[in-house]
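The values are calculated or read from the model by the stated rules, or taken from the named source; none is laboratory data. What you see is a predicted model, and the numbers here were worked out from it, not measured in a lab. Every residue, glycine among them, receives a Cβ derived from its backbone with ideal geometry; neighbour counts consider all protein chains shown. To get the accessible areas, we keep the full protein, side chains included, count just its heavy atoms, and leave off ligands, DNA and RNA. Shrake-Rupley method; radii C 1.70, N 1.55, O 1.52, S 1.80 Å.
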Amino acid sequence: MKIFSVKFKGSFVKLHQFFFHNLPEYAFSGRSNVGKSSLINFIANCKKIAKVSSHPGSTKLINFFLINHEWYLTDLPGYGYSKRKKKEKRKLILDYVSYRKNLILLFLLMDCRTVLQKIDLDFIKKLNNLKIRFCIVFTKTDKLSSRILDKKIDLCKEEIEKTSFSMPKYFKVSVKKGYGRKEIIQHIQNFNKSYKEKLIIPNS
Ligand SMILES: Nc1nc2c(ncn2[C@@H]2O[C@H](COP(=O)(O)OP(=O)(O)OP(=O)(O)O)[C@@H](O)[C@H]2O)c(=O)[nH]1
Ligand SMILES: [Mg+2]
């Protein structure tokens, strides 16, 4: 799929402010600084549509982007960084995943060097309990050799399976090296098609 149009549609901080539409929506979530906004820019092929920073906590609101006039990307604030706004952010993220109509799939990003932390596992349990469809994206893979990366992924899989949930589909990306974009876009395209054909029902 070629990305020919990217439009920023707004930032929201409360569930009741979110606007509604009937297009499929894909959310990017994960701890602060794992590379959510960078990945959105990479997918959208737009260097600066989402704000990127080396300081954790740079995305504070939920940002909506309309792609090709037919699907949405949402950039979520990272969880687990600032103590001050931690509760507020957690509530915003949970409200979003619990109640957002047309959330078709959530991408849960993890920095491949630090993969699964307790806070990620807690979030995964929550997603499973809420029956939210999600997949995992291992980010910044340029930082590890492929052997170590695969070891980290195996460990992550083991930890998830210990909780009796299964490892979801996953992707390996490096925005720096330009890896993994095609696979994610293909996955989104498959979901868009199923959504059009009414083969999948939105999460809520
Ligand atoms: N080496 C490397 N660095 C990356 C990659 N992707 C993102 N980064 C860097 O990681 C840092 C954080 O990136 P962001 O995209 O702002 O992360 P975020 O998850 O949106 O962060 P918050 O909005 O604070 O939750 C920035 O310094 C990026 O340049 C990557 O693939 N490789
Ligand atoms: Mg961000």
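Annotation: Leu109 fulfils all but one of (1) part of a helix (DSSP H, G or I); (2) surrounded by 21 or more Cβ atoms within 10 Å (Cβ to Cβ); the unmet one is (1).
Exactly one residue out of Tyr96, Tyr72, Tyr26 is more than 21 Å from Asp142 (Cβ to Cβ), under 13 Å from the mean Cα position of the chain (by Cα) and away from ligand 2 (no atom under 16 Å from the Cβ): that is Tyr72. Among the residues of region 1-20, none is identified as more than 24 Å from Val52 (Cβ to Cβ) and open to solvent by less than 40 Å² (accessible area, probe 1.4 Å). Screening Val115 against (1) in a helix (DSSP H, G or I); (2) of a type in the set (A, V, I, L, M); (3) over 30 Å from Ile201 (Cβ atoms) leaves a single unmet condition, (1).
The number of residues in region 29-44 being without any contact (Cβ under 8 Å) to a residue 60 or more places away in the chain and more than 9 Å from ligand 2 (Cβ to nearest atom) comes to 1. The single condition among (1) surrounded by fewer than 23 Cβ atoms within 10 Å (Cβ to Cβ); (2) more than 26 Å from Ile153 (Cα to Cα); (3) among the β-branched types (Val, Ile, Thr) that Ile67 does not satisfy is (1).
Can you find, within region 95-106, the residue that is modelled with the highest pLDDT among those that are in a loop (DSSP other than H, G, I, E, B) and open to solvent by 10 Å² or more (accessible area, probe 1.4 Å)? Before the answer, list the steps.
Of the residues in region 95-106, the ones in a loop (DSSP other than H, G, I, E, B) are 100-102.
Adding the requirement that they be open to solvent by 10 Å² or more (accessible area, probe 1.4 Å) leaves 101-102.
On the way: Lys101: 83, Asn102: 90.
If we take residues in region 95-106 being in a loop (DSSP other than H, G, I, E, B) and open to solvent by 10 Å² or more (accessible area, probe 1.4 Å), then Asn102 is modelled with the highest pLDDT.
For region 45-69, taking the residues that are within 13 Å of ligand 2 (Cβ to nearest atom) and in contact with a strand residue (DSSP E or B) (Cβ under 7 Å, 6 or more places away or on another chain), the one that is farthest from Asp111 (Cα to Cα) is identified as Phe65.
Yes or no, residue by residue, for (1) hydroxyl-bearing (Ser, Thr, Tyr); (2) more than 16 Å from ligand 2 (Cβ to nearest atom); (3) open to solvent by 90 Å² or more (accessible area, probe 1.4 Å):
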site: Phe138; (1), (2), (3): no, yes, no
site: Arg147; (1), (2), (3): no, yes, yes
site: Cys156; (1), (2), (3): no, yes, no
site: Ser164; (1), (2), (3): yes, yes, yes
site: Val173; (1), (2), (3): no, no, no
site: Lys182; (1), (2), (3): no, yes, yes
site: Ile185; (1), (2), (3): no, yes, no
site: Asn190; (1), (2), (3): no, yes, no
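A single entry from Leu73, Leu92 fulfils the requirement of being in contact with a helix residue (DSSP H, G or I) (Cβ under 6 Å, 6 or more places away or on another chain), within 13 Å of ligand 1 (Cβ to nearest atom) and at pLDDT 80 or above: Leu73. The criterion of being among the hydroxyl-bearing types (Ser, Thr, Tyr), touching a Pro at 6+ places or on another chain (Cβ under 7 Å) and open to solvent by 10 Å² or more (accessible area, probe 1.4 Å) holds for Thr59.
Every residue in region 43-59 that is near ligand 1 (Cβ under 8 Å from one of its atoms) and either under 13 Å from the mean Cα position of the chain (by Cα) or on the phi < 0 side of the Ramachandran plot (or both), please. Please lay out each step first, then the result.
Pass one, region 43-59, residues near ligand 1 (Cβ under 8 Å from one of its atoms): 50-59.
If the condition is that a residue be near ligand 1 (Cβ under 8 Å from one of its atoms) and either under 13 Å from the mean Cα position of the chain (by Cα) or on the phi < 0 side of the Ramachandran plot (or both), then Ala50, Lys51, Val52, Ser53, Ser54, His55, Pro56, Ser58, Thr59 are the ones that fit.
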